[in-house]
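A quick write-up on the structure given underneath.
The values are calculated or read from the model by the stated rules, or taken from the named source; none is laboratory data. On a predicted model such as this, the values are computed, not experimentally measured, just so you know. In this analysis, Cβ positions are derived from the backbone assuming ideal geometry, glycine residues included, and neighbour counts consider all displayed protein chains. Side chains are part of the model used for accessible areas, which takes the heavy atoms of the whole protein and leaves out ligands, DNA and RNA. Shrake-Rupley method; radii C 1.70, N 1.55, O 1.52, S 1.80 Å.
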Amino acid sequence: WDVNTGDELVQRDGPALRGVMALALSDDGERLAWAADGGRLRVWSTRDGARLADGRIDGLGFVAVVALAPDGETMAIGARDEGWLVIVDLGDDRAVRCDDLAAPPRSLAFDAAGERLACATTSGEIVVLGVRDGRRLVQLEEAADAPGDAIPVDALEGRAPRRLEFDPAGTLLFAAGPEGRLRAWHVGGVVALERGDPIAGPTPIGTLPRLEVEEGVLDLQRLAVPGYDPPELRPTPEALPRSAFPD
């Protein structure tokens, strides 16, 4: 629909036997992507309803989430009950499968350049992957408990962030949820914080870094900036002559 007028712009029927389980809109609003259970994929033009791309991912089964890169050329689809996702290049029909996730994906987000994909799973794991090869670039959150036969996927839903979003520069990644939390990380660019460190937020007791002390005195080398020489490593200065001091 046109959000200004409410007019319906395009209507397309989904697959007859498989429901459309997830949708994604490109940043410019020109393309709409969907995935159906069974691995069927479609990308439509929102202007005239033309089919721009279609395909099928074998073995996908049930679909949990879909994301579309800003340029509309790359699509990511997460499996509903298994710890893997597929990144599809719609232009050359190339697909990369990432199958080492700790749990099923629940939220996905591309950066503005379409080069990185953030993924959050039901177990609370958050990773940033390379779009071209599916390689892990940054591990932001470790998995709590990976789902198994004794832990139904639905029981882990509350641990998954419901929304991931990069800032336009691709430097920050935001995660909304779980438990009403909003977190952010530096994930790229030249920044003061280390890659993957939280920007701000409470630090649980017991995880604070500790500095060794000797007889109650801190070792200055542990606090010094790179290239700093503590006094004991500097050459002994020559004594100033009396002539150096004015009357």
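Summary of computed values
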{"read-out": "Odd one out for Asp92 among (1) over 22 Å from Leu9 (Cα atoms); (2) modelled with pLDDT of 85 or more", "value": "(2)"}
{"read-out": "When residues of the stretch 170-183 are limited to those that are more than 10 Å from the chain's Cα centre (by Cα) and of a type in the set (A, V, I, L, M), the one surrounded by the fewest Cβ atoms within 10 Å (Cβ to Cβ)", "value": "Leu182"}
{"read-out": "Any hit, the stretch 143-157, residues being open to solvent by less than 60 Å² (accessible area, probe 1.4 Å), within 22 Å of Thr74 (Cα to Cα) and either at pLDDT 90 or above or of a type outside the set (Ser, Thr, Tyr) (or both)", "value": "no"}
{"read-out": "Enumeration of residues in the stretch 24-42 that are open to solvent by 20 Å² or more (accessible area, probe 1.4 Å), assigned to a strand (DSSP E or B) and modelled with pLDDT of 85 or more", "value": "Leu25, Arg31, Leu32"}
{"read-out": "Filter result (among the hydrophobic types (A, V, I, L, M, F, W, C) and in contact with a Phe, Trp or Tyr (Cβ under 6 Å, 6 or more places away or on another chain)) within the stretch 68-97", "value": "Ala69"}
{"read-out": "Selection from the stretch 21-40 of residues that are within 19 Å of the chain's Cα centre (by Cα) and not aliphatic (A, V, I, L, M)", "value": "Ser26, Asp27"}
{"read-out": "Strands (runs of 3 or more DSSP E) contained in the stretch 80-136 and holding at least 3 residues open to solvent by less than 10 Å² (accessible area, probe 1.4 Å) and over 14 Å from Leu68 (Cβ atoms)", "value": "116-121, 126-130"}
{"read-out": "Selection from the stretch 163-184 of residues that are modelled with pLDDT of 85 or more and under 30 Å from Phe62 (Cβ atoms)", "value": "Arg163, Leu164, Glu165, Phe166, Leu173, Phe174, Ala175, Ala176"}
{"read-out": "Residue match in the stretch 43-59 (condition: within 28 Å of Gly177 (Cα to Cα) and surrounded by 17 or more Cβ atoms within 10 Å (Cβ to Cβ))", "value": "no"}
{"read-out": "The stretch 80-94 residues that are within 17 Å of Thr122 (Cα to Cα), paired with ones that are among the small types (Gly, Ala, Ser) and outside any strand (DSSP E or B) (beta carbon under 7 Å, 6 or more apart)", "value": "Arg80/Gly61; Asp81/Gly61; Gly83/Ala102; Gly83/Ala103"}
